[in-house]
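Data first, discussion second: the structure below is written as structure tokens.
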Amino acid sequence: MTELRDLLADVAARVTRYRESVADAPVFPDDTTGVREKLGELPEKPVPPVDVIRRLADAVEPALVANTGPRYFGFVTGGALDAATAADMLATGWDQPAFNQITSPAAAIVEEVAGEWLKEVLGLPAGASFGFVTGGQGANTVGLAAARHHLLARAGWDVERRGLHGAPPLRVVAGEERHASIDRSLRLLGLGTDAVRPVRANGQGAIDVAELERTLDGPAIVCLQAGNVNTGAFDDFAAATEIAHRHDAWVHIDGAFGLWAAAAPSLRRLTTGLGRADSWAVDGHKWLNVPYDSGYAFCAHPESHRAAMAVTAAYLTGQGAGGVRAPGDFVPESSRRARGFATWAALSELGREGIAEMVERCCALARRFAEKLEACDGVTVVNDVVLNQVLVAFDGETDGVVEALQRSGECWMGATTWHGRRLMRISVSNWSTTEADVDRSVDAIRAAWKSDQESRSVQNRSHLA
């Protein structure tokens, strides 16, 4: 065990050094070509663990993306909190299969507590069921699976036993600017993307409620959105849910990052009516800043949730033993990581006030980005910055600016196409980002834009010559 202790101590030291230096490291690696060579060939004979880890870390660390650092603004990616990081390392060391009370009573109990806390923080119904999944994709799939079961059972069809062949058709009504994970979930569930009736969105990407009412003509799955992936806009949950339920429809809210607005007093108005929906999806590795991979699915109809997900077999025992909730009954996986440890640790480290402060601070930093960039000639912020998303247009070629910025290593933002325009997309969701990081990043954006303009000017002169 001395060797194991030394090995883990060395790993902890490496992680610490990396996390201490990540704020000043290039946000994207300059060169990854040497990684394969350094990893070497498959060994013929066993290798001491200390040598294995040293070789892995030496090969990989130069190629790491500093997404845990304060100037990574791509894909609404959070950076793991200290307590959540340590808890996840414990989860790895403990190696608990979090299926039920028999496989790991500790994992089951911690997940149950963390799930109840999440409902409190997000303002969801106390009686809602929940499942800890890999992320927003998994959470959307679970929520839509519960919806599929519920609506078809109400029509007298057992979809888990009979499948979809011959089943009553299920319609899906969703905004035209829904996240792509909704469509993938429909593919995975056998409903298919042709089942979608798209509803027009307004100028900021929120669903047009009047068009929703005209589109609905009976039971369906209605997909709403908390935080448009480009603009951060919210659908009108109160109005849309009232219309949907009047038509006996199921309402699912995809709130991968936007659902966290419910935890912040100054932003809670954006989520009015949230609790009236039937299912919800949200990520943990975004705004809660727990390590990848972590997401949560919630359902106002626990029996439909469990019916869509639970599995039984002669050798599987312990479901509900000792009155402890069985985590595996509410997710697609039986063999699953104990994600509850890191979630509990993050919630404990932050507390209610800390979560609210973090979300509100990230939104204030997004507004700071917008204000400073708007002050630059030839730069336009094209969305209403209501949350943590900023869309930026440049006179000339936006992609060139984004590429130059990414090459600089100062910060990382991606590009997107929205309403036919190529734009820079800035997402602020890391707990460690400061005003100084925003200002440094704005300077880098200005430099990248100037560099791109000069490069194009040289190219134009060369072309004319």
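The values are calculated or read from the model by the stated rules, or taken from the named source; none is laboratory data. All values derive from a computational prediction rather than experimental measurement. For neighbour counting, all protein chains shown are included, and Cβ atoms are generated from backbone atoms with ideal geometry for every residue, glycine included. Heads up: the accessible areas ignore ligands, DNA and RNA and are worked out on the full protein's heavy atoms, side chains in. Shrake-Rupley method; radii C 1.70, N 1.55, O 1.52, S 1.80 Å.
Solvent-accessible surface of protein heavy atoms, probed at 1.4 angstrom with all chains present, puts SER21, SER429 in the order SER21, SER429, largest first.
Between LEU64 and GLU41, the FRET efficiency from the beta-carbon distance, with R0 = 22 Å, is close to 0.45.
The label point for LEU90 and the one for VAL15, both projected 7 Å from the Cα toward the Cβ, are 1.2 nm apart. In terms of its C-alpha gyration tensor, the stretch 53-144 has an oblate overall shape, because the principal axis ratio a/c (a ≥ b ≥ c, square roots of the eigenvalues) is not below 1.5 and a/b does not outweigh b/c. Distance from the alpha carbon centroid of the stretch 91-139 to that of the stretch 424-457 works out to 37 angstrom. In a simple Cβ point-charge model (Lys, Arg +1; Asp, Glu -1; nothing else charged), the chain has a dipole of about 700 debye relative to its Cα centre. Across the chain, the mean sequence separation of Cα contacts (distance under 8 Å, 6 or more residues apart), normalised by length, yields a relative contact order of 22 percent. The relative contact order of the stretch 202-353, computed from alpha carbon pairs under 8 Å that lie at least 6 residues apart in sequence, is 16 percent. Classification of the stretch 65-222 by its C-alpha gyration tensor yields an oblate form. The axis ratio a/c (a ≥ b ≥ c) is 1.5 or more, and b/c is at least a/b. With the biggest extent put first, the Cα atoms of the stretch 196-292 measure 42, 27, 25 Å across the principal axes. Taking a cut-off of 17 Å between Cα atoms, list the lysines near LYS450, but don't count ones fewer than 8 places away on the same chain. Cα-Cα hits under 17 Å: LYS372. Per residue, the chain exposes 45 Å² of accessible surface when a 1.4 Å probe is rolled over the protein heavy atoms with every protein chain present. Solvent-free Debye calculation, one equal scatterer per alpha-carbon of the stretch 133-280: log10 I(q)/I(0) at 0.18 Å⁻¹ equals -1.01. Solvent-accessible area of THR380, all protein chains in place: 60 Å² (probe radius 1.4 Å, heavy atoms, ligands and nucleic acids excluded). Starting from the Cα gyration tensor of the stretch 1-92, take the square roots of the eigenvalues, sort them a ≥ b ≥ c, and report rounded, prolate or oblate (rounded when a/c is under 1.5, otherwise prolate if a/b is larger than b/c, else oblate). The shape class here is oblate. Listed by chain and number, the aspartates and glutamates whose alpha-carbon sits under 17 Å from that of LYS286, ignoring those within fewer than 8 places in the same chain, are ASP82, ASP88, ASP254, GLU349, GLU357, GLU360. Within the chain, no whole DSSP H helix has Cα atoms reaching 15 Å or more along its own axis together with a mean Kyte-Doolittle score of at least 1.0. Ordering VAL15, ALA80, VAL65 by Cα displacement along the dipole of the stretch 1-90 toward the positive end leaves ALA80 in first place; charges were set at the Cβ atoms of Lys, Arg (+1) and Asp, Glu (-1).
Based on DSSP H segments of at least four residues, each scored -39500 (n - 2.57), the chain has a per-residue ellipticity at 222 nm of -14000 deg cm²/dmol.
Please compute the length gained on full extension between ALA167 and ALA314, using 0.36 nm multiplied by the number of residues separating them and subtracting their Cα-Cα distance.
Here the answer is 50.0 nm.
For the stretch 1-74, calculate the relative contact order in percent as a whole number, restricting contacts to Cα pairs under 8 Å that are 6 or more residues apart. Answer for the stretch 1-74 is 47 percent. Relative to one another, the C-alpha centroids of the stretch 389-416 and the stretch 336-370 are positioned 26 Å apart. Label zone of ALA238 (point 7 Å out along Cα→Cβ, amide N under 14 Å): in the stretch 250-273 this covers 268-273. How far is the Cα center of the stretch 160-233 from the Cα center of the stretch 44-87, in Å? Between the Cα centres of the stretch 160-233 and the stretch 44-87 lies a distance of 37 Å.
Starting from the residue with the highest accessible area, list TYR18, TYR72, TYR296, TYR315 in decreasing order, probe 1.4 Å. Walk me through the intermediate numbers first.
Working: TYR18 60, TYR72 20, TYR296 0, TYR315 175 Å².
Descending order: TYR315, TYR18, TYR72, TYR296.
To put it simply, the accessible area of the chain at a 1.4 Å probe is 53 percent carbon and sulfur. For LYS38, no lysines have a Cα falling under 16 Å of its own Cα, not counting residues fewer than eight places away in the same chain.
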